[in-house]
Amino acid sequence: MTHSFFGGVYPATRKDITRRKPMARLSQPPKEVVIPLIMCADGPATPMVRPGDPVTVGQPIARRGQTGAAAHASVSGRVSAVEDRPHPWGGLSPAIVIQNDDRNEPYAGHLPPLDPRQLTVEQVVERVEEAGVVGMGGGLFPTWTKIARSAGRIDTLIVNAAECEPYVTADYRLLLERSEHILRGAQTLARCLGCERAVVVTEGDKLSAVEAVERRLRRRGGGRIQILTVRTKYPLGAEKQIIQTVTGREVPPGGSSLDVRCAVFNVATVYAIHDALFQGRPLTHRAVTVTGGAVTRPRNMWVPIGTPLRYLLETCGGLREEADRILTGGPMMGVALQDLEAPVTKDTNSLVCLTGWEHKPDTPAGVCIRCGKCVAACPMHLAPTLIRRALEERDLKRLSRCHLEDCNACGCCSFICPAQIPLVETVAQAASLLKREGGAQ
């Protein structure tokens, strides 16, 4: 049985561009990869190498200190610099630059595979931290911390393969092509965390992946794992909305998934956990969709982390026409790229190059007509139009009652607004004002 969540919108999916494109490896890896030290919501990692040091694939090159996540070389070669480089989140960030020697030489000190029959949650936490696995669905939270906090406190593990963002099909292809590893990783997590139920959730229009998972489940007997298909609706992939869809439980305002005895892991994260546990492989590669009306040959790619996005675009034939907007992530929540020299990071699931007809034009915002569509669309039960009015009047008392901390920046309000008011940015500005001036009072 599935449930529904409040609000949501139905943008054109535009996934047919790459849905049937299997993941392809780069025929010629980049001559240079750039591994940012900031690839975790926790902060930057600490470099372990210096310019001139030789490195091999999978070798640790940055460690977790007080903050950050471990980083590993995704190609073999030599470190040419540790310096500031463009980051896909914007601006410059410290990074380790590696010159590729094209040998793809593996690290001799790689981690040994663990025995699934004797695996403990402590071993899982330690190995996932060593492998540098973070939330790969966009959150970038330390996965080892989520596992440690969830142990013994949840009854439902949700593997999020919903991928509700338009255009993006990287998770779909991963689930279709590598379902055995994903199911094994999910089953191991469920057992170690003490779950009664593990659910792989995907949208109903991904029938090929559903069939592949069902075949695997029939062969292995299923156990505590099931696959659940749900109606396509944005933002199904958001943590609180997918929990409500699967279980009917609603995460309380300001609460977390643990408050309703659930844990949600992105499908790419579960795949990375499997490789860390049973193949001793750290997180060095990931699936990326390169798509959009401006791309010559849209496709899904399996690429080394640190690959410059410009190089990734070139391997797809470059642009066939000028792109009006280039994003990492989908058009609803994606980040506009300032520099194509920025690299693929652990949370980069797509490079989307849109032409002018593929998105709303950047026209001046109109006047709010109080239609209430933003209120009806907000999955977090917020009232963006009232937040906007309180912000204009700088009414901190009213803003403090608007539950701004619950906004997940999904973009439903901006998408549905007939006046094209940038309501997502408005709510963010209101939250910033409340934090700055409310805390000063």
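The values are calculated or read from the model by the stated rules, or taken from the named source; none is laboratory data. These numbers were taken from a predicted model, which means no experiment stands behind them. We place every Cβ from the backbone using ideal geometry, glycine too, and count neighbours over all the protein chains shown. Quick note on the areas: whole protein, heavy atoms, side chains included, nothing else; ligands and nucleic acids left out. Shrake-Rupley method; radii C 1.70, N 1.55, O 1.52, S 1.80 Å.
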### Task
Return a yes/no flag: does the range 185-194 have any residue that is under 28 Å from CYS412 (Cβ atoms) and either modelled with pLDDT of 90 or more or touching a strand residue (DSSP E or B) at 6+ places or on another chain (Cβ under 9 Å) (or both).
no
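Quick check: anything in the range 155-176 closer than 30 Å to CYS353 by Cβ, among the hydrophobic types (A, V, I, L, M, F, W, C) and more than 21 Å from the chain's Cα centre (by Cα)?
No: zero hits.
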### Query
Name the pairs: first residue in the range 82-111 and more than 21 Å from ALA69 (Cβ to Cβ) and modelled with pLDDT of 95 or more, second residue open to solvent by 40 Å² or more (accessible area, probe 1.4 Å) and not charged (D, E, K, R), Cβ to Cβ under 6 Å, at least 6 apart or on different chains?
GLN99/SER80; ASN100/PRO29
### Task
Confirm whether ALA209 is in contact (Cβ under 8 Å) with a residue 40 or more places away in the chain and of a type in the set (Gly, Ala, Ser).
yes
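Residue-by-condition table, conditions (1) open to solvent by less than 10 Å² (accessible area, probe 1.4 Å); (2) at pLDDT 95 or above; (3) hydrophobic (A, V, I, L, M, F, W, C):
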residue: ILE242; (1), (2), (3): yes, yes, yes
residue: SER256; (1), (2), (3): no, no, no
residue: ARG261; (1), (2), (3): no, yes, no
residue: ALA268; (1), (2), (3): yes, yes, yes
residue: ARG286; (1), (2), (3): yes, yes, no
residue: MET301; (1), (2), (3): yes, yes, yes
residue: ARG325; (1), (2), (3): no, no, no
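I'd like to check something: does the range 303-320 contain any residue that is in contact with a His (Cβ under 6 Å, 6 or more places away or on another chain), at pLDDT 95 or above and farther than 21 Å from LEU434 by Cα?
Yes, the range 303-320 has at least one match.
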### Task
Scan the range 137-196 for residues that are among the small types (Gly, Ala, Ser), open to solvent by 40 Å² or more (accessible area, probe 1.4 Å) and in a loop (DSSP other than H, G, I, E, B) and jot them down.
GLY137, GLY138, GLY152, GLY194
### Task
Would you check if there is a residue in the range 12-32 being surrounded by fewer than 22 Cβ atoms within 10 Å (Cβ to Cβ), in a loop (DSSP other than H, G, I, E, B), among the β-branched types (Val, Ile, Thr) and in contact (Cβ under 8 Å) with a residue 24 or more places away in the chain?
yes
### Message
What's the number of the only condition in (1) surrounded by 22 or more Cβ atoms within 10 Å (Cβ to Cβ); (2) in a strand (DSSP E or B) that LEU236 fails to meet?
### Response
(2)
### Task
Would you please list the contacts, defined by Cβ atoms under 6 Å and residues six or more apart or on different chains, that run from a residue in the range 326-352 that is without any contact (Cβ under 8 Å) to a residue 40 or more places away in the chain to a residue that is in a loop (DSSP other than H, G, I, E, B)?
ILE326/LEU337; LEU327/GLY334
### Query
Do we find that VAL199 is within 18 Å of VAL230 (Cβ to Cβ) and in contact with a helix residue (DSSP H, G or I) (Cβ under 7 Å, 6 or more places away or on another chain) in this structure?
yes
### Task
Could you please give the count of residues in the range 33-73 that are part of a strand (DSSP E or B) and either touching a residue at least 24 places away in the same chain (Cβ under 8 Å) or open to solvent by less than 10 Å² (accessible area, probe 1.4 Å) (or both)?
13
#### Entry: Residues (outside any helix (DSSP H, G or I) and either under 20 Å from CYS262 (Cα atoms) or at pLDDT 80 or above (or both)) located in the range 205-221
LYS206
### Query
How many residues does the range 355-411 contain that are in contact with a Pro (Cβ under 8 Å, 6 or more places away or on another chain), open to solvent by 70 Å² or more (accessible area, probe 1.4 Å) and not in a helix (DSSP H, G or I)?
2
